[in-house]
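So the structure is just underneath, and the comments pick up after that.
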Amino acid sequence: MIRFTPNARGSTRIEETSTFRDALRQQRQFRLEQLSELSAAPVRAALSTGATAEQVEAQAQVARLLRAAALSALADVDAALLRIEQGVFGRCMECSGDIQLARLEILPMAALCMPCQRRQEIAPSDRATTKTTPHETTR
Ligand SMILES: [Zn+2]
């Protein structure tokens, strides 16, 4: 006897988001620790090694870059957690299609499906510039 689950209406393909939520929370924790490490690192280096001002500044610059990367990763994680709460986790933010499960298992914070992600990587500045053609004339 086959029983259909209530949401077999095709609304959300991913019914079990708890594993993703756990993974995302771990990521979140990791990023937060990374961020506190990074804010302390240059100062600690200066104190321990008696580095020159230039060296401290160079280290601070690296730390700033890493911090920016960690912050953006954290924002992705938070956005994904929010999507779980809103029940839209696993849906592509660009085309509203399903993100492949295999992709989410590797990258639970993925906001885009593979085709949309690729499109963005190929032409990241497209949206910022002029490409808002209302009609596609590719015929
Ligand atoms: Zn998409």
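Values in this text are rule-based calculations from the coordinates and carry no lab data. Please read all numbers here as calculations on a predicted model, not as lab measurements. We place every Cβ from the backbone using ideal geometry, glycine too, and count neighbours over all the protein chains shown.
When Thr49, Thr17 are ordered from fewest to most other Cβ atoms inside 10 Å of their Cβ, what list results?
Details: Thr49 11, Thr17 20.
With the sparsest Cβ surroundings first, the list reads Thr49, Thr17.
Could you list Ile106, Ile99 so that the one with the fewest beta carbons within 10 Å of its beta carbon is first and the one with the most is last? Don't jump to the answer; show the numbers that get you there.
Numbers: Ile106 8, Ile99 24.
Neighbour counts put them in this order, fewest first: Ile106, Ile99.
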